[in-house]
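Working notes for the structure below.
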């Protein structure tokens, strides 16, 4: 089956209008590709020849079906396969000159996995409020105290994961709005109410939250893990909010060190939390456009 038949995506240049660069946008956890729309509009205003392709990862948004998530490569390979399908007439040389990867939060981890597995399939990498090269470790109790979860069942039983999964199942809008207000948009830079409600609708489309947490728990390309982060080729733009509560800025600094500070441009934005594509869309679009060009 053609991956385009079950992986939903949006393409600013689907009508074959002229473009010279391709920006692939990979969203984070609890959201969908529609969270990119504000930023994409800003980028198009700055440079209409940047073709923006954003997709719903498997288990998110409109990319539904019997496609479980077991590890991060399930998600990164999906992105690669979708691009291969969309750009079926392009070779690796084209990718190396014209394709740019941008990952936000979980999407940053997916894009880093993609970058280490397929170094010849992109020109530059952009990490926006990105997760850590160490993944996201979940701890459980055993006879020796706190230890890393070793099984998917342990992750499923983890109090934070179980609560979040239940709230998703229940479509508890009040709970989710509280989390978004206090944790994701803690800067107070909220979307307009109609847009906010539409974005929350997207969050409740996610079907594999626990599986994604399991994949994040296993991921570790740091020097203390598989030691592959340093294989990520530059240039890399790391764009992070100073007020980010979900992934504090220390992790952005850690990513730069693991990837190689000589390859990275690190921007820490004051007054911005975990949602730069919405909170800080105009400035982020300018930095991305400048980085690409």
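Structure summary
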item	result
Residues that are touching a residue at least 60 places away in the same chain (Cβ under 8 Å) and over 18 Å from the mean Cα position of the chain (by Cα), drawn from the range 261-293	271, 282, 286, 289, 291, 292, 293
The one condition in (1) out of contact with any strand residue (DSSP E or B) (no Cβ under 7 Å at 6 or more places or on another chain); (2) crowded, with 20+ Cβ neighbours inside 10 Å that residue 233 fails to fulfil	(2)
Per-region count, the range 56-86, residues surrounded by fewer than 16 Cβ atoms within 10 Å (Cβ to Cβ), within 20 Å of residue 121 (Cβ to Cβ) and out of contact with any helix residue (DSSP H, G or I) (no Cβ under 7 Å at 6 or more places or on another chain)	1
Residue check for residue 15: in a loop (DSSP other than H, G, I, E, B), without any contact (Cβ under 8 Å) to a residue 24 or more places away in the chain and either over 25 Å from residue 253 (Cβ atoms) or touching a strand residue (DSSP E or B) at 6+ places or on another chain (Cβ under 6 Å) (or both)	yes
Selection from the range 62-106 of residues that are over 12 Å from residue 3 (Cβ atoms) and free of Cβ contacts under 8 Å to residues at least 24 places away in the same chain	66, 89, 90, 91, 93, 94
Scan of the range 170-186 for residues that are part of a helix (DSSP H, G or I), in contact with a helix residue (DSSP H, G or I) (Cβ under 9 Å, 6 or more places away or on another chain) and more than 18 Å from residue 216 (Cβ to Cβ), ordered by number	173, 175, 176, 177, 180
The range 18-43 - residue that is assigned to a loop (DSSP other than H, G, I, E, B) and either in contact (Cβ under 8 Å) with a residue 40 or more places away in the chain or in contact with a helix residue (DSSP H, G or I) (Cβ under 7 Å, 6 or more places away or on another chain) (or both) and, of those, farthest from residue 291 (Cα to Cα)	30
Filtered residues of the range 219-230 (kept if touching a residue at least 60 places away in the same chain (Cβ under 8 Å) and surrounded by fewer than 18 Cβ atoms within 10 Å (Cβ to Cβ))	224, 225
Matching option when the condition is within 28 Å of residue 17 (Cα to Cα), buried (at least 22 other Cβ atoms within 10 Å of the Cβ) and at pLDDT 95 or above, among 126, 31	126
Criterion violated by residue 115 - all others in (1) in contact (Cβ under 8 Å) with a residue 24 or more places away in the chain; (2) out of contact with any strand residue (DSSP E or B) (no Cβ under 6 Å at 6 or more places or on another chain); (3) under 30 Å from residue 261 (Cβ atoms) satisfied	(2)
Pair list, Cβ under 9 Å, 6 or more apart: the range 167-188 residue without any contact (Cβ under 8 Å) to a residue 24 or more places away in the chain and on the phi < 0 side of the Ramachandran plot, other residue part of a loop (DSSP other than H, G, I, E, B) and exposed (fewer than 12 other Cβ atoms within 10 Å of the Cβ)	181/188
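The values are calculated or read from the model by the stated rules, or taken from the named source; none is laboratory data. Predicted, not measured: the structure shown is a model, and the values here were computed from it. With ideal geometry, Cβ positions are generated from the backbone for all residues, glycine too; neighbour counts draw on all protein chains shown.
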